[in-house]
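Structure, as structure tokens:
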Amino acid sequence: MSGKIDNKVKILYIEDNQYNLLLVKKILLANGYEFYEAKTGFEGIDIAQKIFPDLILMDINLPDLSGFDVTTKIRSIPSLNNVKIIAITAEIGEGARGKAIASGCDGYIPKPIDTNFPNKIKEFLYGKMEKIDKDSEVKYLRQYSKELIDKLLAKYSELEKSNEDLENTLNIIKEVNQKLILLNKMEENFIAISSHELRTPVVVIKGFIDLIGDGAFGELNPKLLEIIKILQVNINRLITMIEDITSYANLKDNQTITLLSEVNIVELLKSIFDEFQVKFAERKLVANFESYVQNPYTSVEVTLFSQAIRNIIANAIKYTADLGTITAGIIEETDQYKIYVRDNGIGIEKEYLERVFEKFFTIQDSSHYFSGDFEFMAGGKGLGLSIVKSIARIHQGKVWAESEGKNKGSTFYFTIPKNVKEKMQKSLSLNKHNRKVYVIGWKDALDFVDMNIYDLEIMSVPDFLMKCDALPPPSIYIIYIGDVNEDLTVDIISRLKTFEKSKEVPIIIIDKQPDHHMKAKLYSLGIEEYISEPINKDQFKNIFEMFVI
């Protein structure tokens, strides 16, 4: 059997040892074969399905799977069922050979590779098949089967442990989420109660300090008068702080106001800006006002709007050094007015541009904090811009900040829709239905949700997908995914969590049976709760009411 074979013959060598690969590659290429290589079992299976080799040389000791396992897998693939597979291994003896043939190999070549290797390859290509007697085959098959079962049991134990760990992690996430919701409610209640309870004694203290300062209890010497003035400044600052906290407690993002007044928005904005002229002068700030408006008439809630603009201007003053420049202005756009306050102050780093609107967030290090009203870098309560954000939403507008970074100045934008009245009425109409519940694909919903209390709208998945863009947001979505494939489920949740109007709406998922993989994926997309059947009625009621009450 000398001479070279047809160069169209494809040989795949699955081997993780680089030196063995190079040696066999050199020999096979020299004999005119088309050579392919793979360094792991999985890679070998993948390449085999792409190239359909005439012969596979299989190392037994691979890093991921044994050569026996790879052979069994290849034999189960119809398109590769007839490919010749030859085991190449350093294991010697009848046991290694018998096990290889029992697992599905056509032959066995022991390592090291010798000069007769090309002839052995030709023999197998020309039809040679090694066999073992039936008794030995049964023996080796039993041995191989036992090894497979042991591997499966080990894998099962590993998966069971992973599922247990995943379940524990998900339970911890769920518990933390519920505690965060509870803490948020407690925080809101605390803010509302404490601001109310603080105001009364502080106002009484202020009254007595003012009386003492006015000489109601006798004339004061210069030293005492100076102390009283310091007390008056600080008690007024404390009252302002309490008023800010009270404002924050009263301003719910979904609150709708009806006390709108038609105003000349340019004149109102200019009058608010002019209130700060004394402060601009004290800090030697250059103050500019600009207007690019033809039709200045619109509707706003004057008190709230004024508070929002004052907070933005005050923020600019605090974070702009003496001799700096602050410019306020308004631009009329097609469907809205865009108000801006620009400064050349300390700027805002990119990662803080959204966070500055969070409650109690301040940019400067707390170790450098000092209380003040309009001094450069004077600390605030961390509520001013959070209040601005709530007022913008109430007016159906938006607020955001732009900055090139540290020491590059900042610009704050605040928008008011031209048709604010119409938008407010629409919002008010939606709030009247804030107990609406959308149920998608769950036929048993009526057994769990009281229609006398909640406005239920039950839809099939296809119907919901067709009209979800046009539906007003509910209080909550309940989605049954037991009959929905994974891709469609992920698509539905992703869409709901992407839409501006629905991304904050809680989602409860109902599944036919527990699926840890799906559960983890959906929690990562932002759902609030995952429940699998059978469902405990009391448990569902507690979970449901946690999100809608």
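The values are calculated or read from the model by the stated rules, or taken from the named source; none is laboratory data. As the structure is a prediction and not an experimental result, all values here were calculated from the model. No Cβ is skipped: glycine too gets one built from the backbone with ideal geometry, and neighbour counts run over all protein chains shown.
Okay, here's what the table says:
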quantity: Residue within segment 529-540 that is part of a helix (DSSP H, G or I), assigned by TED's automatic domain parsing to the domain that holds residue 463 and touching a helix residue (DSSP H, G or I) at 6+ places or on another chain (Cβ under 7 Å) present; calculated: no
quantity: Failed criterion for residue 259 (all others in (1) closer than 13 Å to residue 395 by Cβ; (2) at pLDDT 90 or above hold); calculated: (2)
quantity: First in segment 36-52 and on the phi > 0 side of the Ramachandran plot, second anywhere and surrounded by fewer than 18 Cβ atoms within 10 Å (Cβ to Cβ) and not in a helix (DSSP H, G or I), Cβ under 8 Å, 6 or more apart; calculated: 52/10
quantity: Search result, residues across segment 464-509 that are under 18 Å from residue 445 (Cβ atoms) and assigned to a loop (DSSP other than H, G, I, E, B); calculated: 468, 471, 474, 475, 481, 482, 483, 484, 505, 506
quantity: Residues being buried (at least 17 other Cβ atoms within 10 Å of the Cβ), under 28 Å from residue 264 (Cβ atoms) and over 34 Å from the mean Cα position of the chain (by Cα) - total across segment 321-359; calculated: 6
quantity: Candidates 458, 543, 509 - the one that is within 18 Å of residue 439 (Cβ to Cβ), at pLDDT 85 or above and either surrounded by 15 or more Cβ atoms within 10 Å (Cβ to Cβ) or outside the structural domain of residue 437 (by TED's automatic domain parsing) (or both); calculated: 509
quantity: Candidate set from segment 243-256 (those that are β-branched (Val, Ile, Thr) and surrounded by fewer than 19 Cβ atoms within 10 Å (Cβ to Cβ)); member that is modelled with the highest pLDDT; calculated: 246
quantity: Qualifying residue in segment 72-83 (condition: in the same structural domain as residue 41 (by TED's automatic domain parsing), farther than 20 Å from residue 37 by Cβ and touching a strand residue (DSSP E or B) at 6+ places or on another chain (Cβ under 7 Å)); calculated: no
quantity: Restricting segment 405-450 to residues that are assigned to a strand (DSSP E or B) and farther than 30 Å from residue 346 by Cα, the residue that is modelled with the highest pLDDT; calculated: 417
quantity: Failed condition for residue 347, given (1) at pLDDT 85 or above; (2) not in a loop (DSSP other than H, G, I, E, B); calculated: (2)
quantity: Filter result for residue 38 (closer than 19 Å to residue 131 by Cβ and either in contact with a strand residue (DSSP E or B) (Cβ under 7 Å, 6 or more places away or on another chain) or surrounded by 20 or more Cβ atoms within 10 Å (Cβ to Cβ) (or both)); calculated: no
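Here's the yes/no breakdown for (1) under 18 Å from residue 392 (Cβ atoms); (2) of a type in the set (Asp, Glu):
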site: 305; (1), (2): yes, no
site: 313; (1), (2): yes, no
site: 318; (1), (2): no, no
site: 324; (1), (2): no, no
site: 327; (1), (2): no, no
site: 330; (1), (2): yes, no
site: 340; (1), (2): yes, no
site: 349; (1), (2): no, yes
